[in-house]
Amino acid sequence: MTATLEAPAPGRSAPPAPSARPRRRPRLSWTWALALPVPILILIGWHVGAVSGWVLPFDIKMAFLPTPAEVGLRLVDFAVGGVYDDSYSGTLWGHLGASALRVLQGFLLAVAVGVPLGVLMGRSKLLFRMLEPTVNLVRPIPVTAWAPLALLLIGFGDRSTVFLVFLAAVFPVLLNTISGVKQVPTRLFEAAAMLGTPPLQALAKVVLPAAAPQIIAGMRIAMGLSWVILVVGETVGINTGLGALITQAREQSRTDLIIVGMVVIGLAGFVADRLLSLVFAVAFGRRPIQT
């Protein structure tokens with residue numbers, strides 16, 4: 001028996017085609033809620049440990065810590081004032097702005113050096129063999145070891161801090177760029193050559209888009225390290241900045257202010273990472289950047 005198609009009765013419209021289905025409304029994502037339990041448990045454990053006087057491994061005495069509520073009040077006062085009204089009240093934005101500017105300068109300088117040099121080292125075997133031993137010799141030296149030398153050669157102030165941030169950020173950008181460029185398939189260069197693309201244009205039109213995922217990963221690592229090293233650079237000879245704030249609080253045994261500085265640095269690094277990801281999503285969101 002074979003099925004036959006029947007014409008619709010007069011006055012009755014034909015059934016909609018299978019592809020003409022109503023569009024589903026976008027659903028609100030609640031995946032962000034998965035990140036809440038861990039911070040909540042940390043705050044609860046912190047409060048109980050500070051109140052009960054727990055002694056953790058490495059002889060960490062939590063009785064000397066302020067409670068989360070006390071840190072929260074100090075953070076509010078640090079941001080807008082009106083709680084304690086001391087010399088630190090309402091000074092958050094000045095410290096944060098000074099630190100963010102130093103991080104941005106060192107990070108952009110690291111990108112300006114690391115990405116072009118990484119592209120050249122990834123494409124040129126001769127240049128890679130010339131520079132790779134030196135890079136891997138300098139890279140393990142901690143930035144904290146560079147700090148005294150930077151103070152002697154550059155002096156106190158913003159320039160030495162920017163230099164230390166640059167040293168911390170340049171190697172993740174450089175190494176990830178080299179790795180990404182080396183993994184670009186040869187067929188892409190062959191196709192570009194067949195289309196008459198000059199070698200220098202091929203670096204911009206072929207290499208950078210194909211290696212973009214690893215370059216971006218290196219830049220995100222570098223951004224995080226920039227905030228880590230910032231505290232080292234701001235400990236000496238600088239009066240404004242989150243690292244300087246933590247140093248002053250340590251000299252005054254102000255544990256609540258030290259923790260506030262740490263929290264602000266963590267939040268600033270988190271926001272900077274999200275902004276960096278947003279910039280790359282806008283720049284590459286509509287183009288294939290993976291090979």
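The values are calculated or read from the model by the stated rules, or taken from the named source; none is laboratory data. It should be emphasised that the depicted structure is a prediction, and the values quoted were computed from it without experimental measurement. Don't worry about glycine lacking a Cβ; one is built from the backbone with ideal geometry, like all the others, and counts go over all protein chains shown. All accessible areas refer to the heavy atoms of the entire protein, side chains included, with ligands and DNA or RNA removed. Shrake-Rupley method; radii C 1.70, N 1.55, O 1.52, S 1.80 Å.
Screening Leu92, Leu164 for residues that are farther than 21 Å from Ile221 by Cβ and open to solvent by less than 40 Å² (accessible area, probe 1.4 Å) leaves exactly one candidate, Leu92.
Residue-level check: of (1) modelled with pLDDT of 95 or more; (2) of a type in the set (S, T, N, Q); (3) open to solvent by 30 Å² or more (accessible area, probe 1.4 Å), Ser87 misses just (1). Restricting the range 152-161 to residues that are in contact with a Gly (Cβ under 7 Å, 6 or more places away or on another chain) and surrounded by 14 or more Cβ atoms within 10 Å (Cβ to Cβ), the residue that is farthest from Gly106 (Cα to Cα) is Ser160.
For Val232, the test of being crowded, with 20+ Cβ neighbours inside 10 Å, hydrophobic (A, V, I, L, M, F, W, C), under 25 Å from Thr144 (Cβ atoms) and within 19 Å of the chain's Cα centre (by Cα) is failed.
Could we say that Val103 is touching a helix residue (DSSP H, G or I) at 6+ places or on another chain (Cβ under 9 Å), under 24 Å from Thr247 (Cβ atoms), among the hydrophobic types (A, V, I, L, M, F, W, C) and modelled with pLDDT of 95 or more here? Yes; evaluated as a whole, the condition is true for this residue.
Each residue in the range 138-189 was checked for being closer than 20 Å to Gly224 by Cα, touching a helix residue (DSSP H, G or I) at 6+ places or on another chain (Cβ under 9 Å) and not in a helix (DSSP H, G or I), and 2 of them qualify.
Conditions (1) at pLDDT 90 or above; (2) more than 30 Å from Ser99 (Cβ to Cβ); (3) out of contact with any Ser or Thr (no Cβ under 6 Å at 6 or more places or on another chain), marked per residue:
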{"residue": "Leu200", "(1), (2), (3)": "no, yes, yes"}
{"residue": "Leu203", "(1), (2), (3)": "no, yes, yes"}
{"residue": "Val206", "(1), (2), (3)": "no, yes, yes"}
{"residue": "Ala211", "(1), (2), (3)": "yes, yes, yes"}
{"residue": "Ile215", "(1), (2), (3)": "yes, no, no"}
{"residue": "Arg220", "(1), (2), (3)": "yes, no, yes"}
{"residue": "Leu225", "(1), (2), (3)": "yes, no, yes"}
{"residue": "Val228", "(1), (2), (3)": "yes, no, yes"}
{"residue": "Val236", "(1), (2), (3)": "no, no, yes"}
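Residues being over 16 Å from Val111 (Cβ atoms) and outside any helix (DSSP H, G or I) are represented in the range 219-235 by at least one member.
On inspection, Gly122 qualifies as surrounded by 15 or more Cβ atoms within 10 Å (Cβ to Cβ), in contact with a Lys or Arg (Cβ under 7 Å, 6 or more places away or on another chain), small (Gly, Ala, Ser) and not in a loop (DSSP other than H, G, I, E, B). Within the range 173-190, the set of residues being open to solvent by 20 Å² or more (accessible area, probe 1.4 Å) and touching a residue at least 24 places away in the same chain (Cβ under 8 Å) comprises Leu175, Asn176, Ser179, Lys182, Gln183, Pro185, Leu188. In the range 91-104, the residues that are more than 12 Å from Leu267 (Cβ to Cβ) form Cβ pairs under 7 Å with partners that are open to solvent by 40 Å² or more (accessible area, probe 1.4 Å), at six or more places apart or across chains, as follows: Gly94/Thr240; His95/Thr240; Ala98/Thr240; Arg102/Asp158.
Taking first residues from the range 109-129 that are more than 11 Å from Phe171 (Cα to Cα) and partners that are open to solvent by 80 Å² or more (accessible area, probe 1.4 Å) and at pLDDT below 95, the Cβ contacts under 8 Å between residues at least 6 apart in sequence or on separate chains come to Gly122/Lys182; Leu127/Leu120.
For residues in the range 126-151 being farther than 24 Å from Gly237 by Cβ and not hydrophobic (A, V, I, L, M, F, W, C), which is most open to solvent (accessible area, probe 1.4 Å)? Only one residue tops the list, namely Arg129. Taking every residue in the range 258-270 that is modelled with pLDDT of 95 or more and of a type in the set (Val, Ile, Thr) and pairing it with any residue that is open to solvent by 40 Å² or more (accessible area, probe 1.4 Å) and part of a helix (DSSP H, G or I), at least 6 positions away or on another chain, the pairs with Cβ-Cβ distances below 6 Å are Val260/Leu75.
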